[in-house]
Amino acid sequence: RQQRVLLWGVLLAAWEAAWGQLRYSVPEEMPKGSFVGDVAKDLGLQLPALSNRGVRIVSEGRTQYFAVHGKTGHLVTAERIDREQLCRLVEQCVLRCELIVEGEMKFYEIEVEVTDINDNTPSFREPEIELRVSETTAPGSRFPLAEAHDPDSGRNSLKSYELSGDEHFSLAVQTGPGGDQRPELVLAKALDREEAAFHELVLRASDGGDPARTGTARIRVTVLDANDNAPVFSQAEYTVRVPEDVPVGSILVTVTATDADEGLYGSVKYSLKIVSDMASDIFHLNAETGDITLLQSLDFEEGNYYELEVQAHDGGGLFDTAKVTTAVTDVNDNVPEISVRSTLNEIPEDSPTGTVVALLHVHDRDSGANGEVRCSLDGSLPFRLESSQGSYYRVVTARELDREQESEYNVTVRAADGGRPALQSSTVLALRVLDVNDNAPVFAQERYSARLAENNAAGALVLRVRATDADWGENARVRYRLLPAGSLVLRVRATDADAGTNGRVLYSFGDVPDSVNALFSVDSEGGEIRSAGPLDFEEKSKYSFVLEATDGGGLTDHCEVQIDVTDENDNAPEI
């Protein structure tokens, strides 16, 4: 049977994948690591690239019930799943999760239906039931019995009751408004206390599993002397509306019944006869006063409607029943939750407008306006929010970035619900802007000049030049060099209005001999220009050359350097 369910889930998932949503089915109580579906195949993802793309499964709850197997691409169970624990209030148990592909900034919704297995036996809240019945009770009278409880669903849920004992009693089963079966003990034959003061019966409850599971309760009927007045409730139905933040210990309602008899037969006590497991943990009925108090905090998101059946019985075994319905109203008690599904820590400054830097999911467990969430970004930053599918948002760049103006951003995303007052939460995305070589180095001066006396020592410092670059790191590292003779620095153009030979233009740069590179050197890192050896004023008194600054990305700037050699009295007169 499990193989048929798994095959159906795989076929359905293949059909759903084309619509961006996967659906699978898996029985409850499967061991950890059990196969659920081949998400890699259904989504067309290549296995070798799964780990590189950062594929993972996320869900809203604290417990992650599913995971993706990195080598096979299979969706497997990450925990043993108990359907009755997760979905005891719903017929169809569906767990939802999302497959996040971080490398592509994509997500896929996955629904997994957890099917029931017959792993629970029908049970009664009280295995021993005590009934007190007057001997004057007419045949055909009915006595409601406590229902058996079976957490399983479908064919594995509670199906039938059976009574065994003696001829005085039979069993009738009524169908409640919700389709539940309510057993009743029917008096088939008149009682005679002098003949039998007690009657012992056994009530069996069976489910529809194969094989069926059975639970039992023993019924002891005590036959009482005559009691001709039954208790009567002041109302047939009590209705209560309370906010979910009502304090624990509060009295929600008081039920009241009166009995016209006196003494033991007129003394009324109260009890809960039909109540769900969840309601029995939340509400308490005082048997003496009829006060129904709150045992634990209410939560609208977990349960917003409860129905109780209260019985009032006197000392002679006569009773009356009333229904108590409690409606829970929502209070804005849940803060919106922001989950960062995927984010970038670094972004190049030349990234185009609209680049996605984060994928966010927002959720508020409240309902109505209290659960409606609005998101916004704090401050005037070059980013904006875009609403994506469902409750997803994308943070994208709103304009071009400039690392030289701002190198780091702390983007605060704020989520506020529609309650009054509104509850809000926030998260901060830290983003570093990576440098791009978009700035060339710039010399502090376009033209440098220096004076140096002739006969200087080799290695003498002539002058120091400096160029700066607004970029960062290697892109801002500047190196200097003397341009060799013949290097193209720029192209100039001149025109002459004459024709022929008279209109031909000749260009010259002045006296820039190749010996400049032999006479001077520049420190590539510090920009210090030094002489390679002694200069002679009588040989040459002025040197002009071009210096180039280059950053780590290859961008350049140039400046002109002029060095004047001053005369020293180093020559004697000649006759």
field: Failed item in (1) within 51 Å of the chain's Cα centre (by Cα); (2) crowded, with 19+ Cβ neighbours inside 10 Å; (3) among the hydrophobic types (A, V, I, L, M, F, W, C), with residue 212 passing the rest
entry: (2)
message: Give me the residue from segment 174-192 that is charged (D, E, K, R) and within 21 Å of residue 124 (Cβ to Cβ) and, out of that set, surrounded by the most Cβ atoms within 10 Å (Cβ to Cβ).
response: 182
- prompt: Do you know which of the residues in segment 315-340 that are open to solvent by less than 20 Å² (accessible area, probe 1.4 Å) and at pLDDT 90 or above is nearest to residue 257 (Cα to Cα)?
  reply: 322
message: Looking at residue 278 and the list (1) in a strand (DSSP E or B); (2) in contact (Cβ under 8 Å) with a residue 60 or more places away in the chain; (3) outside the structural domain of residue 165 (by the TED database); (4) open to solvent by 20 Å² or more (accessible area, probe 1.4 Å), which single condition is not satisfied?
response: (1)
query: List the pairs whose first member sits in segment 285-298 and is within 23 Å of residue 331 (Cβ to Cβ) and open to solvent by less than 40 Å² (accessible area, probe 1.4 Å), whose second member is of a type outside the set (Ser, Thr, Tyr) and not in a loop (DSSP other than H, G, I, E, B), and whose Cβ atoms are under 6 Å apart, counting only residues at least 6 apart or on separate chains?
result: 292/252; 292/253; 292/283; 292/285; 293/251; 293/284; 298/328
message: Being touching a Gly at 6+ places or on another chain (Cβ under 6 Å) and surrounded by fewer than 20 Cβ atoms within 10 Å (Cβ to Cβ) narrows it down to one residue among 123, 164; which is it?
response: 123
Members of segment 120-148 found to be within 15 Å of residue 192 (Cα to Cα) and in a strand (DSSP E or B), listed by number: 132, 133, 134
- request: Determine whether segment 78-85 contains at least one residue that is free of Cβ contacts under 8 Å to residues at least 12 places away in the same chain and not in a helix (DSSP H, G or I).
  value: no
task: Can you give me the ranges of the strands (runs of 3 or more DSSP E) entirely in segment 428-527 with at least 2 residues that are modelled with pLDDT of 70 or more and farther than 22 Å from residue 557 by Cα?
output: 447-453
task: Evaluate segment 40-48: report whether one residue or more is under 21 Å from the mean Cα position of the chain (by Cα), in contact (Cβ under 8 Å) with a residue 24 or more places away in the chain and not in a loop (DSSP other than H, G, I, E, B).
output: no
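The values are calculated or read from the model by the stated rules, or taken from the named source; none is laboratory data. What you see is a predicted model; the values in this text were computed from it and never measured. All Cβ positions, glycine included, derive from the backbone under ideal geometry; neighbour counts span all protein chains shown. Side chains included, ligands, DNA and RNA excluded: accessible areas come from the protein's heavy atoms. Shrake-Rupley method; radii C 1.70, N 1.55, O 1.52, S 1.80 Å.
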